[in-house]
Amino acid sequence: MKYPKFAEVNGHKYKINTDFRIALECDHIARDTTISDYERSLAIIYKLYGDEGLNNPDDYKELLDKAVDYLKCGFDEMPDDNLEEENMDFEQDMWRIEASFQSDYKIDLENTKMHFWKFMRLMNGLTEDCILNRTRYVRDFDLKDIKDPKERKKWEKQKKLVALKKKERPISDKAKRNQEKFFKLAGIKR
């Protein structure tokens, strides 16, 4: 499979920074509610397309659409989009991801440059025995079927040990104004 390296917008080819670390930074930015949608959008455009993307405000909307497609690895919907609750966080689980790549593929992510799409395909191919997928299994495990109180307590303890920390941050009024400004400039109707 050929992985995309450019995004074409209005006849102009923008080079994409395809390193998986950049895409993971974009994921972090997209989830950060302490900054406005406008600021998040610009940050993602900058991360993926550099100064060239930021210097063309007329292309922001299309660049952002292409960024979303790119970050979804060409899927209409990501495989985990239908989960009721998230069972993984790239930041919180990075050590588990690195250990899993090392154990399953003998790849040292710290010293590897890899296209984001390849990284995601390898993530989806990790064995169920790797630390990341064992952790995800515990996070997803439904306690309602456990009748034995001792067994239930054991599972509750395990779930608590590997639970993701919630990150809820309110958006400021200034951020809301910047968001509206961005949507207006980008021609996005809400």
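The values are calculated or read from the model by the stated rules, or taken from the named source; none is laboratory data. Predicted model, so just to flag it, every value in this text is computed and none were measured. Note: ideal-geometry Cβ built from the backbone for every residue, glycine included; neighbour counts use all protein chains shown.
Here are a few things to note about the model shown:
- Cβ-Cβ distances below 9 Å connect the following pairs, each with a first residue in segment 145-163 that is under 13 Å from Thr135 (Cα atoms), a second residue that is aromatic (Phe, Trp, Tyr), and a separation of six or more residues or different chains: Trp155/Phe141; Gln158/Phe141; Lys159/Phe141.
- When restricted to residues that are of a type outside the set (D, E, K, R), at pLDDT 95 or above and within 15 Å of Met114 (Cβ to Cβ), segment 1-20 contains 6.
- Members of segment 21-50 that are closer than 22 Å to Met114 by Cα, of a type outside the set (Lys, Arg) and surrounded by fewer than 21 Cβ atoms within 10 Å (Cβ to Cβ): Ile22, Leu24, Glu25, Asp27, His28, Ile29, Ala30, Ala43, Tyr46, Gly50
- Within the span defined as segment 46-57, one or more residues are at pLDDT 95 or above and closer than 30 Å to Ala163 by Cβ.
- Selection count, segment 99-113, where residues are outside any loop (DSSP other than H, G, I, E, B), charged (D, E, K, R) and surrounded by fewer than 16 Cβ atoms within 10 Å (Cβ to Cβ): 1
- Arg96 assigned to a helix (DSSP H, G or I), within 30 Å of Asp142 (Cβ to Cβ) and basic (Lys, Arg): yes
- Condition check for Ala67: touching a residue at least 12 places away in the same chain (Cβ under 8 Å), assigned by TED's automatic domain parsing to the domain that holds Asp19 and either of a type outside the set (A, V, I, L, M, F, W, C) or surrounded by 13 or more Cβ atoms within 10 Å (Cβ to Cβ) (or both): yes
- Residue in segment 114-122 that is in the same structural domain as Pro4 (by TED's automatic domain parsing), within 20 Å of Tyr3 (Cα to Cα), in contact with a strand residue (DSSP E or B) (Cβ under 8 Å, 6 or more places away or on another chain) and assigned to a helix (DSSP H, G or I) present: no
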